[in-house]
1. Pull out all pairs, ordered by first then second residue, where Cβ-Cβ is under 6 Å, the residues are six or more apart or on different chains, the first lies in the stretch 96-116 and is hydrophobic (A, V, I, L, M, F, W, C), and the second is surrounded by fewer than 17 Cβ atoms within 10 Å (Cβ to Cβ).
2. Of (1) in contact with a Lys or Arg (Cβ under 9 Å, 6 or more places away or on another chain); (2) under 18 Å from Leu151 (Cβ atoms), Leu52 satisfies all except one. Which?
3. Residue by residue through the stretch 223-237, note down the ones that are closer than 30 Å to Ala210 by Cα, at pLDDT 85 or above and either exposed (fewer than 14 other Cβ atoms within 10 Å of the Cβ) or in contact with a Phe, Trp or Tyr (Cβ under 9 Å, 6 or more places away or on another chain) (or both).
4. Just to check your reading of the model, which residue among Val246, Val233 is outside the structural domain of Pro163 (by TED's automatic domain parsing) and in contact with an Asp or Glu (Cβ under 6 Å, 6 or more places away or on another chain)?
5. Restricting attention to the stretch 262-278, and to residues there that are in contact with a Pro (Cβ under 7 Å, 6 or more places away or on another chain) and over 27 Å from Val231 (Cβ atoms), which single residue is modelled with the lowest pLDDT?
6. Check Ser96, Ser105 and return the single one that is at pLDDT 95 or above, among the polar types (S, T, N, Q), over 27 Å from Gly206 (Cβ atoms) and assigned by TED's automatic domain parsing to the domain that holds Val208.
7. Go through the stretch 54-67 and give me each residue that's small (Gly, Ala, Ser), buried (at least 18 other Cβ atoms within 10 Å of the Cβ) and not in a strand (DSSP E or B).
8. Can you name the number of the only condition in (1) among the β-branched types (Val, Ile, Thr); (2) under 25 Å from Glu192 (Cα atoms); (3) out of contact with any helix residue (DSSP H, G or I) (no Cβ under 7 Å at 6 or more places or on another chain) that Thr7 fails?
Amino acid sequence: MTAFAVTGLEKRYGSIAALRGVDLELAEGELLGLLGPNGAGKSTLVKIGCGLVRQSGGHAVVCGAAAGSRAARSSVGYLAELFRFPGWCTADEVLSLHQRLARSSGGERERGDLLELVGLSDARRRKVEAMSKGMQQRLGIAQALVGAPRLLFLDEPTSALDPAGRRTVRGILEELRARNIAVLLNSHLLSEVELVCDRVAILLDGSVVASGRPEELMRPRGVEIETSAGVRVVEGALREDVPRLVAEAGAAGEPIYGIRVLRSTLEDVYLDAVGDEA
């Protein structure tokens, strides 16, 4: 089943068009990276999916129900970029509060399972104010999973974390994929998106300007060969050209120390798509 689908989605704030006919689809168990400069419409799209904002035109469907309906809201978990939990609450109390808000009947078992998932089982009684930023971020993901949603909207979940914290969150996202939970990841960290997401969609001025699997969007950039004469790049060469290039170097009497097929990065794709807006 499709977890999230928008067709011809439009949103206007007076004379300002935040979304201009966006078409997008997210399957169950899929991780989709949503990229774009500030003001591209990413947050508006997420808010429509969560039911916090109504579209001006088009359709938005969450797990088969209209976005914003009770059925759709019960299928969604959300972690805002600038979330805040009361510092005097423990991790267990934060999840208990959100269970009541979500009308979840999971009780203590659900809280324990979620804290285990995000690696906070030992911090169950620790107050939020005594947690590191990384621990609070993981607790935020746990609260977004209260009530067993089938779709998660995560807004910059790794932006304030160090490399170790980002790796931990990537592991959590991969586990969510294994559990068939769909995730829409709104992020500016292109390297993180490239590592974990199945597909990416790039928004610019309220429109999707590029979408697909990262490896599909990246273009070949030639072949780099390291020989006794140094390192050179054969522009325009493809993977299929490697045997020929090796044979030519060998015939010329050049010892080969390394050869590498070059491809553009997701950052290259992004900058090509958004241009000066980046």
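The values are calculated or read from the model by the stated rules, or taken from the named source; none is laboratory data. Predicted model only: the values in this text are computed from it and were never measured. Neighbour counts are summed over all protein chains in view; Cβ atoms, including those assigned to glycine, are modelled from backbone coordinates with ideal geometry.
1. That search, which allows pairs on different chains as well, returns Leu115/Ser121; Leu115/Arg124.
2. (1)
3. Result: Val233, Glu235.
4. Val233
5. So, considering only residues that are in contact with a Pro (Cβ under 7 Å, 6 or more places away or on another chain) and over 27 Å from Val231 (Cβ atoms), the one modelled with the lowest pLDDT is Ala278.
6. Selected residue: Ser96, the only one of Ser96, Ser105 that is at pLDDT 95 or above, among the polar types (S, T, N, Q), over 27 Å from Gly206 (Cβ atoms) and assigned by TED's automatic domain parsing to the domain that holds Val208.
7. Ala67
8. Thr7 satisfies all of (1) among the β-branched types (Val, Ile, Thr); (2) under 25 Å from Glu192 (Cα atoms); (3) out of contact with any helix residue (DSSP H, G or I) (no Cβ under 7 Å at 6 or more places or on another chain) except (2).
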